[in-house]
Amino acid sequence: MLNEIKINLQNIQQFVSKSELEALKPAAIDALNKLHDKSGKGNDFLGWVNLPESISDADLQDIEQTAYHLSSISEVVVVIGIGGSYLGSKAVIDALSNSFDSLLNNRKNPLVVFAGHQLSEDYLHDLLEMMKGRSVSCIIISKSGTTTEPAVAFRIVKNYIEEVYGKADAKKRIVAITDQSKGALKQMSTKEGYKTFVIPDDVGGRFSVLTPVGLLPIAVAGFDIRKLVKGAVDMGKDLMPNVPYEGNICMQYAVARNALYRKGKKVEIMVNYNPKLHFLTEWWKQLYGESEGKEGKGIFPAGVDFTTDLHSMGQYIQDGERMLFETVISVKNANSKLTIPSDEENLDQLNFMAGKRIGEVNKMAELGTMLAHVDGGVPNIHIEFPEINEYYLGALIYFFEKACGVSGYILDVNPFDQPGVEAYKKNMFALLGKPGYEQQGADLKKRL
């Protein structure tokens, strides 16, 4: 794996000095050691650190067999979850799928769709309409079973499946990924006889892609979870504490972003030049936002899809307030080949590009934009990987997870809790009239 995924920090050099980066190296080394000896904050949620190599062949076989079962009886599989319970699998499935996957008629695997990640009445209504006349199964992902968004969606989808297939057959179409022994969903699964997988107690949702939370939906979609895990395992070997800083890209990334943060660069924009990576950015945003945004600290994670957003956000990035830096995830090789044809009349004045691959044009747009943004006062970190496939996606996922843990410890926060997430829930429950929230509800309604 070493040197196949590369980090280039050349375009931050005029913004942070070598000595400023060197000054953070001891903190990065200490942070990485804390992740492995479990001596840092949030050490009860570090199960993800050694997770890839702990996944057994039996574990993978169980997931693959369940995926095969769901695929054999389903045209559509609804994956219900929110946050880390859906973003990781969505990121991988979107990256590996045909861009027009939902319109293909020659599907070998079910269409995987997602629910429970918001509370849109129209969305759930449209989901039910789409399900009519199609064979449907469901994967419900929740540690507790009581998180509002997925619980509401599951109640609706479960009711639909039971009405169409009857309760006896419905249990063959529902798989629950939940706590090993406790919680409402675990109790329901035991009572109803659902097939279940376990979310490990020591793995938080945003670090759970390489558990059944991510692996089962990805397998249902027809992709090779063994290659995904292998990519993570191989990347893990390159990010161990015994790998020197100069060859350890997770420490280099964590140091670079924290050095820029200390120089007033408060917003990190994840940039991709391939729309298939849009949801990898969405997953990354949760990973870093929920891990670092606390105690009045943290870099704000944002995302753009270039070149599309160069025609919308590009102006601000080039000339707006200078509190930004970019992390560019760059794909070296396209998986397909398409060249620009010549045109005799050349009315669009594009013949100078004739014969060039679209990917070459895209790459020049990437390089030109990076230099323009540096000239405009926006440093950028460049992360390149060879191609979009299961192996490199697994490696990238583990890289970003490991770097997030290191970066959070450098920032001196607990990267593995999310105390601020509960605030909106309490207000929502109070406004909905949940028992025990009556006084808070009355107080909030006065404010409204």
Pair list, Cβ < 7 Å and 6+ apart or interchain, from the range 81-107 residues that are within 17 Å of Tyr391 (Cβ to Cβ) and open to solvent by less than 40 Å² (accessible area, probe 1.4 Å) to residues that are aromatic (Phe, Trp, Tyr) and assigned to a helix (DSSP H, G or I): Gly88/Trp283; Ala91/Phe279; Ala91/Trp283
Boolean, Ser39 is surrounded by fewer than 17 Cβ atoms within 10 Å (Cβ to Cβ) and assigned to a loop (DSSP other than H, G, I, E, B): yes
Only listed residue being farther than 27 Å from Asn414 by Cβ and among the hydrophobic types (A, V, I, L, M, F, W, C), chosen from Met323, Met313: Met313
Single residue of the range 265-286 satisfying the filter (of a type outside the set (A, V, I, L, M) and open to solvent by less than 30 Å² (accessible area, probe 1.4 Å)) that is farthest from His117 (Cα to Cα): Lys265
Test set (1) surrounded by 14 or more Cβ atoms within 10 Å (Cβ to Cβ); (2) in a loop (DSSP other than H, G, I, E, B); (3) small (Gly, Ala, Ser) - Gly355 fails condition number: (1)
Where a residue in the range 323-341 is more than 22 Å from Tyr253 (Cβ to Cβ) and its partner, wherever it lies, is of a type in the set (Val, Ile, Thr) and open to solvent by 80 Å² or more (accessible area, probe 1.4 Å), with Cβ under 6 Å and at least six apart: Leu338/Ile358
Residue match in the range 255-263 (condition: open to solvent by 60 Å² or more (accessible area, probe 1.4 Å), touching a Phe, Trp or Tyr at 6+ places or on another chain (Cβ under 9 Å) and either within 30 Å of Ala23 (Cβ to Cβ) or polar (S, T, N, Q) (or both)): yes
Qualifying residue in the range 317-335 (condition: in a loop (DSSP other than H, G, I, E, B), at pLDDT 95 or above and of a type in the set (S, T, N, Q)): no
Selection count where residues are assigned to a helix (DSSP H, G or I) and at positive phi, scope the range 144-192: 1
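Rundown of residues vs (1) open to solvent by 10 Å² or more (accessible area, probe 1.4 Å); (2) within 22 Å of Pro52 (Cβ to Cβ); (3) modelled with pLDDT under 95, yes/no style:
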position	(1), (2), (3)
Gly376	yes, no, no
Pro386	yes, yes, no
Glu390	yes, yes, no
Lys402	no, yes, no
Val406	no, yes, no
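The rows are residues; the columns are (1) hydroxyl-bearing (Ser, Thr, Tyr); (2) open to solvent by 10 Å² or more (accessible area, probe 1.4 Å); (3) more than 23 Å from the chain's Cα centre (by Cα); (4) farther than 21 Å from Pro217 by Cβ.
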residue: Glu121; (1), (2), (3), (4): no, yes, yes, yes
residue: Asp126; (1), (2), (3), (4): no, yes, yes, no
residue: Lys132; (1), (2), (3), (4): no, yes, yes, yes
residue: Glu163; (1), (2), (3), (4): no, yes, yes, yes
residue: Val175; (1), (2), (3), (4): no, no, no, no
Sole residue being under 30 Å from Glu390 (Cα atoms) and out of contact with any Phe, Trp or Tyr (no Cβ under 8 Å at 6 or more places or on another chain), chosen from Asp309, Asp375: Asp309
Filter pass, Ala372 being among the small types (Gly, Ala, Ser), in contact (Cβ under 8 Å) with a residue 12 or more places away in the chain, surrounded by fewer than 19 Cβ atoms within 10 Å (Cβ to Cβ) and in contact with a helix residue (DSSP H, G or I) (Cβ under 8 Å, 6 or more places away or on another chain): yes
Residues of the range 24-57 satisfying the condition of being over 30 Å from Lys263 (Cβ atoms) and among the acidic types (Asp, Glu): Asp37, Asp44, Glu53, Asp57
Residues located in the range 310-343, provided they are buried (at least 16 other Cβ atoms within 10 Å of the Cβ) and of a type in the set (Asp, Glu): Glu326
Count of residues meeting criterion [touching a His at 6+ places or on another chain (Cβ under 8 Å) and not charged (D, E, K, R)] in the range 304-322: 2
Residues of the range 413-428 classified as open to solvent by 20 Å² or more (accessible area, probe 1.4 Å) and either touching a residue at least 24 places away in the same chain (Cβ under 8 Å) or within 17 Å of the chain's Cα centre (by Cα) (or both), total: 8
Meets criteria (exposed (fewer than 15 other Cβ atoms within 10 Å of the Cβ) and either farther than 20 Å from Glu268 by Cα or in contact (Cβ under 8 Å) with a residue 40 or more places away in the chain (or both)) for Met364: yes
In the range 230-248, residue nearest to Ser54 (Cα to Cα) [restricted to those that are assigned to a loop (DSSP other than H, G, I, E, B) and open to solvent by 20 Å² or more (accessible area, probe 1.4 Å)]: Met240
When residues of the range 94-115 are limited to those that are within 11 Å of Ala221 (Cβ to Cβ) and over 20 Å from the mean Cα position of the chain (by Cα), the one modelled with the lowest pLDDT: Arg107
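The values are calculated or read from the model by the stated rules, or taken from the named source; none is laboratory data. Here the structure is a predicted model, which means the values were calculated and not measured. Ideal geometry is used to build each Cβ from the backbone, glycine not excepted, and the neighbour counts take in all protein chains shown. Accessible surface areas use protein heavy atoms only, side chains included; no ligands, DNA or RNA. Shrake-Rupley method; radii C 1.70, N 1.55, O 1.52, S 1.80 Å.
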